[in-house]
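Written below as structure tokens is the structure these notes are about.
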Amino acid sequence: MADPALLTDLPDQRAVLRRAAPFLAGHRLALAATVLLNLAGAAAAVGVTAAIGRVVDAAGGGDRPELLRRVLLLLALVTGSAVLAWLSRYWLVRTGEHVLAGLRERAAAAVGAAPLRFLEAHRSGELLRRLTGEINGLASFAAATLPDLATAATVLVLTVAMLALHSWPLTALLLLAFLPPALLIVRAFHRRAGAVYAEVASAEAAVASGFAESLPAQEQLRTSGSVPRWLERFARANARLQQAQSTEVRTELRLNQLALAQAGCVAGLLVVSAVMVGHGALSVGVAVVFVLATRDIFHRFEDLAGAVGDAREAHVRLARLLDLLRATGEERPPAARAELPPRGELTLENVTFGYRTGPPVLDAITLAVDSGERLVIAGETGSGKSTLGKLLAGLYAPDRGTVRFAGHDLATVDPDRLRSRIVLVPQEVPLVDGTLAENLAMTAGRPDRAAVARTLGLLGLTEWVDSLPYGLDTAVSTRTLSAGERQLVAVARAALTDPAVLILDEATAGVDHATAARIEEALSTLAADRTLIVIAHRADTLARGRRLLRMPGGRLTDVVQEETDRVPKRAAGG
């Protein structure tokens with residue numbers, strides 16, 4: 001069967017930056033300006049250190065005019081360095097936020113367009129973590145750590161170059177004494193950090209999933225006495241997170257070994273500089289430059305080492321985000337741009353479908369539903385009724401076979417065009433926090449308020465809306481409206497879309513008779529010349545159909561014959 005691509009807890013972290021490069025399109029000019037400003041600011045900062053040495057030498061030589069000129073140059077460099085540092089940081093943060101905003105929109109759109117099977121295969125908390133937690137973490141890195149990282153790296157390189165121009169033997173001695181142990185420490189950290197940060201991210205996602213899944217189920221957990229068992233499960237996820245974070249702290253503490261290497265190098269440099277000044281091989285000004293620059297080098301390297309952990313964590317976050325885009329962006333057939341006719345026949349041709357475990361739910365089903373027909377799909381729980389409805393609506397792609405509307409394969413039809421022709425009203429209708437008008441307008445056509453009011457009148461739902469505290473402006477949510485009222489919202493949404501095919505999945509199940517009657521009346525008005533496919537158990541709902549499809553197996557009969565002599569009129573394979 002065609003299983004959906006799945007997310008991985010430890011995604012591929014190779015070539016992450018190269019894979020993320022396409023998302024920088026449209027920001028290259030801003031990035032170039034950021035790089036130039038960062039180089040200019042770093043050069044000015046390094047120039048300040050060099051200018052201090054020249055001021056010291058001029059002061060020792062007694063040349064007051066030269067000393068004044070060098071002091072003025074130093075002041076200019078200090079001012080320019082401060083201004084350029086602010087500008088480079090501002091542009092880096094600004095560009096990073098724009099890039100992340102685009103990534104956030106891209107990820108949200110990818111999840112919104114992902115196959116239903118993909119969404120069902122993952123815990124909602126895991127998807128929420130990748131859509132929010134990973135991007136928020138990247139945003140914090142871009143705003144706080146990345147500017148310091150970029151500045152430290154640039155200043156470090158330019159400072160070493162400046163020192164080499166003053167005295168390359170002393171510079172070489174400094175690098176040979178400091179770089180080997182420092183690089184070994186950082187390399188050892190880097191080897192462990194990838195798996196450590198990935199485990200922390202996965203453990204955080206598990207905790208977030210536990211919270212996200214428990215909140216809407218609080219009533220059921222309390223009434224069933226399952227809160228202690230949920231707390232035990234949450235405690236296990238929390239213990240995993242605590243262990244992962246403890247490992248993270250121990251790994252990061254290894255970077256403190258850099259302080260020992262720095263102390264040894266500073267002491268050695270002071271001794272060597274003093275000896276060279278005493279033998280006339282080095283001026284006092286140059287010695288001052290080396291002392292100041294060495295402290296700056298160690299400070300910058302410490303910043304880099306400290307940022308390595310944040311950068312490694314951001315690397316993992318980016319890998320997890322790219323993994324989400326990979327899993328939701330698998331190659332799909334190109335969407336057909338041809339306009340679908342307003343009405344048409346809906347057919348299944350030898351369709352087979354199954355989930356990740358177990359045998360196929362539907363096996364070689366063939367069915368033709370004529371335009372304007374009334375079809376009822378009935379069967380026991382687990383017989384595949386809802387699965388068949390989602391296949392007919394194009395929400396599932398079959399493992400084998402084809403689903404067509406008016407001759408067009410649903411797998412190749414543009415989703416927006418498909419949603420305007422085939423609408424599925426599920427048994428559970430979620431709402432967003434907002435007004436009733438905002439919830440009703442959440443359809444493919446984006447109707448205005450006048451269209452919403454007009455449709456409610458046609459469906460006979462104006463009286464119900466007027467009974468609410470503020471009419472269309474009443475604040476609603478999944479918790480504030482009953483199941484039947486949410487079904488009324490779903491029916492009104494379907495009417496606003498004006499579909500060719502309307503599929504109702506247990507639209508009146510679990511609803512009181514009065515509300516069910518109101519829904520049935522609204523559906524009768526909505527059906528008109530549309531194809532109506534009803535998945536139901538109610539006897540009165542079954543009676544509204546002209547043909548009956550019994551699941552499993554797909555045995556098709558006339559409704560009247562089904563109730564009398566059970567003689568099949570037209571059979572579907574399976």
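The values are calculated or read from the model by the stated rules, or taken from the named source; none is laboratory data. Bear in mind the structure is a predicted one, so any value in this text is a computation, not a measurement. Cβ atoms come from the backbone with ideal geometry, glycine included; neighbour counts cover every protein chain shown. Please note that ligands, DNA and RNA were not included when accessible areas were found on the heavy atoms of the full protein model with its side chains. Shrake-Rupley method; radii C 1.70, N 1.55, O 1.52, S 1.80 Å.
Summary table below
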quantity: For LEU424, distant residues with modelled amide H under 5 Å away; calculated: ILE503
quantity: Stokes-Einstein diffusion coefficient of region 329-468, Kirkwood radius over Cα pairs, 37 °C, 0.692 mPa s, in µm²/s; calculated: 188 µm²/s
quantity: Packing-based ranking, highest mean first, of 77-88, 36-47 given that Cβ atoms within 10 Å are counted; calculated: 36-47, 77-88
quantity: Accessible surface ranking that places the most exposed of ASP323, ASP63 first, with a 1.4 angstrom probe; calculated: ASP63, ASP323
quantity: Cα coordinate range in region 114-196, projected on the principal axes (Å, largest first); calculated: 66, 26, 18
quantity: Among 483-493, 137-147, the order from most to least packed when residues are scored by Cβ within 10 Å on average; calculated: 483-493, 137-147
quantity: Distance from region 334-403 to region 92-120 (C-alpha centre basis), Å; calculated: 30 Å
quantity: ARG326 versus ARG254: modelled label distance in nm, points set 7 Å from Cα along the beta carbon direction; calculated: 2.5 nm
quantity: Distance (nanometres) between label positions extended 7 Å along Cα→Cβ at ALA32 and ASN350; calculated: 5.7 nm
quantity: Accessible area in square angstrom per residue, region 102-160, 1.4 angstrom probe; calculated: 41 Å²
quantity: Kirkwood hydrodynamic radius over Cα pairs of region 141-247, then Stokes diffusion coefficient at 20 °C and 1.002 mPa s, in µm²/s; calculated: 116 µm²/s
quantity: Potential lengthening between ALA239 and ARG374 on full extension [0.36 nm per residue; Cα-Cα distance subtracted]; calculated: 43.1 nm
quantity: By accessible area with a 1.4 Å probe, ligands and nucleic acids excluded, highest first: order of TYR90, TYR355; calculated: TYR90, TYR355
quantity: Square roots of five times the Cα gyration tensor eigenvalues for region 450-494, Å; calculated: 16, 13, 9
quantity: ALA263 versus ARG454: modelled label distance in nm, points set 7 Å from Cα along the beta carbon direction; calculated: 8.1 nm
quantity: 5 angstrom amide H check on ILE535, placed H, neighbours 5+ away; calculated: ILE377, LEU504, ASP505, GLU506, ALA507
quantity: Principal axes of region 419-490: Cα extent on each, largest first, Å; calculated: 34, 26, 20
quantity: Note, ³J(HN,Hα) from phi for region 21-29, Karplus 6.51, -1.76, 1.60, rounded to Hz, x at Gly and Pro; calculated: 4, x, 6, 8, 4, x, 10, 5, 5
quantity: Region 372-388 - phi-based ³J(HN,Hα) in whole Hz, Karplus 6.51/-1.76/1.60, Gly and Pro as x; calculated: x, 6, 10, 10, 10, 10, 10, x, 6, 4, x, 7, x, 5, 5, 4, 4
quantity: Ranking by accessible area, most exposed first, for GLU380, GLU506, GLU232 with a 1.4 Å probe; calculated: GLU380, GLU232, GLU506
quantity: At R0 = 41 Å, FRET efficiency that the Cβ-Cβ distance of VAL227 and SER140 yields, to 0.05; calculated: 0.75
quantity: Calculated FRET value between HIS299 and ASP433, using beta carbons and R₀ = 56 Å, to 0.05; calculated: 0.70
quantity: Debye log10 I(q)/I(0) for region 25-76, one point scatterer per Cα, at q = 0.25, 0.30 Å⁻¹; calculated: -0.86, -1.03
quantity: Per residue, the convex hull volume that the Cα atoms of region 31-146 enclose (Å³); calculated: 91 Å³
